[in-house]
Amino acid sequence: MAVVTPLDPKRRKAGTDALEALVELVATDLAAVNDLIIRRMHSDVEMIPQLAGYIVASGGKRLRPVLTLAAARLCGYQGERHQPLAACVEFIHTATLLHDDVVDESDLRRGQPSANAVFGNKASVLVGDFLFSRAFQVMTEDGSLDVLRILSSASAVISEGEVLQLITANDTTTSEEAYLEVIRAKTAELFAAACRIGAVVAGRPAAEEEALRSYGLNLGIAFQVVDDVLDYSAVQARLGKSIGDDFREGKITLPVVLAFRRGDDEERAFWRRTLEDIDQRDGDLEHALSLMQRHNTLRDSVERARHYGAMARDALGLFPASPIKRALLDVIDFVVDRDF
């Protein structure tokens, strides 16, 4: 049986429909969250809402806050506490995007000029700090020490993941385990926290809280693995950035880890020159893609993502059947088969 890649149109369409179905189920809550985001981004310092609004409005799917809303409803929660906490999750995510683009010196995000390209690095870092601070204000207003502990811990782990990524940057000897450690911290931890607090606000038992944490963590790992595959396999209009940005920056992602491990001495020398020394020449990206094709590293990376998607699916097993559970299961297909 042929392996289905993230670019398979039938699977991609089914995944996108699944995300839209999940969003529709929490549409009223999400509208309230969007209003909260706009209100809480307000500042008398004009550049703050201007820059923050620029990145918030740049086309993201609000997946993380949607997961918070859906997890709370899955647990039978009928109140409104999950709404500001979902906004808090989005503030943390947006702050990390602002900081990431500065660190990565990125000029594009989702096909548009990045905030740092428009407003400058200093403004992007400082507004990212403002959004982190606003997130903590929202947490304390909620009044739950458990929520504060979960989200503040996630924020610290995300920062650790970014520093760990700096350490492993341009190191072609990075193992698959080290790569996974980075993405668990910098991406999956916020997915896990976003889902987990849904059970916390609903006052559900520890087993359900852990199940939602596991769902979010494994979904987040799958999300980042696919993101790293897309840098070598999707067109700019769908991905939101040009093909090979990670290659040009010397980032060591799973397709590279596998290609380096499976290659011969000559191929490893190529990866060291291009990614460690950043000595890149015309045709190098095309050669990198040919090596990945030769060793099936893009296909196998997608299979790794499917593995984590399966674990996310298993984590929801203790919850009874419902439309929102079905949508949370189906959204795994969106994460694995998306093209942006």
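Taking the convex hull of the alpha carbon atoms in the stretch 249-340, what volume per residue do you get, in Å³?
Values: hull volume 10.1 nm³, N = 92.
Cα-based convex hull of the stretch 249-340, divided per residue, equals 110 Å³.
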Item to check | Relative intensity, log₁₀ I(q)/I(0), of the stretch 14-332 from a Debye sum that treats every alpha carbon as a point, q = 0.07, 0.11 Å⁻¹ | outcome: -0.28, -0.70
Next on the checklist: Nearest 10 degrees is fine. How inclined is helix 63-74 to the longest principal axis of the chain, computing both from alpha carbons?
Outcome noted: 40 degrees
Checklist entry - Does anything in the stretch 208-226 have its amide N under 18 Å from the 7 Å Cα→Cβ label point of Glu303, and if so which residues? => result 222, 225-226
Checklist entry - Measuring with a 1.4 Å probe in the full set of protein chains, what accessible area per residue, in whole Å², belongs to the stretch 14-332? => result 42 Å²
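Only Cα pairs under 8 Å and at least 6 apart count here; give the relative contact order of the stretch 169-316 as a rounded whole percent.
Values: 189 pairs, mean separation 47.2, N = 148.
So the answer I get is 32 percent.
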Checklist outcome for this item: So for R0 = 25 Å, FRET eff. of Val45-Ala117 from the Cβ-Cβ r, to 0.05, ends up at 0.75
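Assuming R0 = 35 Å, what is the FRET efficiency of Ala57 and Asp146, from their Cβ-Cβ distance, to the nearest 0.05? Each step should come with its number before you reach the end.
Working: r = 32 Å, r/R0 = 0.91.
So, using R0 = 35 Å, E works out to roughly 0.65.
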Next on the checklist: If you only keep lysine pairs separated by 8 or more in sequence, or across chains, how many in the chain come under 25 Å at the Cα atoms?
Outcome noted: 16
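Using a 1.4 Å probe over the heavy atoms of the protein chains, calculate the carbon and sulfur portion of the accessible area of the chain as a whole percent.
Working: 7680 of 14660 Å².
Of all accessible area on the chain, carbon and sulfur atoms account for 52 percent.
Report the relative contact order of the chain, percent, no decimals, based on alpha-carbon pairs under 8 angstrom and at least 6 residues apart. Before the final figure, lay out the partial values.
Numbers: 505 pairs, mean separation 84.2, N = 340.
Normalised by residue count, the contact order of the chain is 25 percent.
The values are calculated or read from the model by the stated rules, or taken from the named source; none is laboratory data. This is a predicted model, so every value here is computed, not measured. Ideal geometry is used to build each Cβ from the backbone, glycine not excepted, and the neighbour counts take in all protein chains shown. These accessible areas exclude ligands, DNA and RNA; they are computed on the full protein's heavy atoms, side chains included. Shrake-Rupley method; radii C 1.70, N 1.55, O 1.52, S 1.80 Å.
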